[in-house]
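Trainee: The structure's right below; bear with me while I get my questions together.
The values are calculated or read from the model by the stated rules, or taken from the named source; none is laboratory data. Just so it is clear, the model here is predicted, and its values are computed rather than measured. Glycine also receives a Cβ, built like all others from the backbone with ideal geometry; neighbour counts cover every protein chain displayed. Each accessible area value is taken on the protein alone, full model and side chains, heavy atoms only, with ligands, DNA and RNA left out. Shrake-Rupley method; radii C 1.70, N 1.55, O 1.52, S 1.80 Å.
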Amino acid sequence: MRIGELAERAGTTTRTLRYYESIGLLPARRAGNGYRAYDEDDLRLLRQIRTLQDFGFGLEETRPFVECLRSGHPAGDSCPASLEVYRRKLAELDDCIARLSDVREQVGAQLAEAERARAALETAATAPGGPPEPRCELTPPEEAVMATTPRET
C-alpha cells in the first residue's frame, strides 16, 4: 500500500509517517516507481506505536517494541528491552500516583480546615453582638488595631 492508504488505515497523517521514517521507526522501502511501499506489518507497527502513545509512552520509548515486532516476534512486548520499558513506565506511574496521593491529602486537609473556619464564622454570625468586624487578611492584627484607633499627635 502507498503512504496515503497506510496513513488512513492507521488513523494518522502522511507527515507523521514520514517523520517516523526519518527517525527509523518505520522502514523506508520504495517500490519500482519510487513511491513508498508499505504492508500489513507496517500497519501493525503503527498500531503498536499509537497504542503505547495512548498509554503515555514517549515516541522513543516505543522503539524497543517496534524492534521486537520487526525481529519477528508476534507481540512487540515479548523482548527483554520492551519488558524493561514496561518496568520503567510502571515505576514512573507509581511515582506519579504517590505524588498525586500526597497532593490529594494536602488538598483534603485544606478543605477540612476551610470548612471548620466557615462553620466558626457562621456560628459567630448568630452569636449575640453579631459577627466580628471583617479584617483584611494581608494586614497583621496589630496594624489593623492601630489603623482603626485615632493617633495622638
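Trainee: Does ALA91 count as part of a helix (DSSP H, G or I), small (Gly, Ala, Ser) and in contact with a Lys or Arg (Cβ under 9 Å, 6 or more places away or on another chain)? Walk me through it before giving the result.
Mentor: Numbers: part of a helix (DSSP H, G or I): yes; small (Gly, Ala, Ser): yes; in contact with a Lys or Arg (Cβ under 9 Å, 6 or more places away or on another chain): no.
So ALA91 does not fit the description; no.
Trainee: Oh, and also: Please go through the range 1-29 and give me each residue that is over 20 Å from GLU67 (Cα atoms) and basic (Lys, Arg), ordered by number.
Mentor: ARG2, ARG9, ARG15
Trainee: Yes or no: TYR86 in a loop (DSSP other than H, G, I, E, B), of a type in the set (Phe, Trp, Tyr) and either farther than 21 Å from MET1 by Cα or open to solvent by less than 40 Å² (accessible area, probe 1.4 Å) (or both)?
Mentor: no
Trainee: When only residues in the range 13-53 that are among the hydrophobic types (A, V, I, L, M, F, W, C) and over 30 Å from the mean Cα position of the chain (by Cα) count, which is farthest from SER82 (Cα to Cα)? Even if it seems obvious, please write down each step before you answer.
Mentor: First, the residues of the range 13-53 that are among the hydrophobic types (A, V, I, L, M, F, W, C): 17, 23, 25-26, 28, 31, 37, 43, 45-46, 49, 52.
Those left that are additionally over 30 Å from the mean Cα position of the chain (by Cα): 28, 31, 37.
On the way: ALA28: 23, ALA31: 31, ALA37: 27 Å.
Taking the candidates together, the pick is ALA31.
Trainee: Filter the range 2-49 down to residues that are among the aliphatic types (A, V, I, L, M), open to solvent by less than 50 Å² (accessible area, probe 1.4 Å) and assigned to a loop (DSSP other than H, G, I, E, B) and give me whichever is nearest to THR62 (Cα to Cα).
Mentor: Applying the first criterion (among the aliphatic types (A, V, I, L, M)) to the range 2-49 yields 3, 6-7, 10, 17, 23, 25-26, 28, 31, 37, 43, 45-46, 49.
Next cut, open to solvent by less than 50 Å² (accessible area, probe 1.4 Å) only: 3, 6-7, 10, 17, 23, 25-26, 31, 37, 43, 45-46, 49.
Checking the rest, the ones that are also assigned to a loop (DSSP other than H, G, I, E, B) come to 23, 25-26, 31, 37.
Working: ILE23: 12, LEU25: 9, LEU26: 12, ALA31: 27, ALA37: 22 Å.
Among them, the one singled out is LEU25.
Trainee: May I ask you to list the residues in the range 65-80 that are without any contact (Cβ under 8 Å) to a residue 24 or more places away in the chain and closer than 17 Å to THR51 by Cβ?
Mentor: PHE65, GLU67, CYS68, HIS73, PRO74, ALA75, ASP77, SER78, CYS79
Trainee: State which residue pairs qualify: first residue in contact (Cβ under 8 Å) with a residue 24 or more places away in the chain and inside the range 85-100, second residue open to solvent by less than 60 Å² (accessible area, probe 1.4 Å) in any location, beta carbons under 6 Å apart, and separation of 6 or more residues or different chains.
Mentor: From the range 85-100, the pairs are VAL85/GLU61; VAL85/PRO64.
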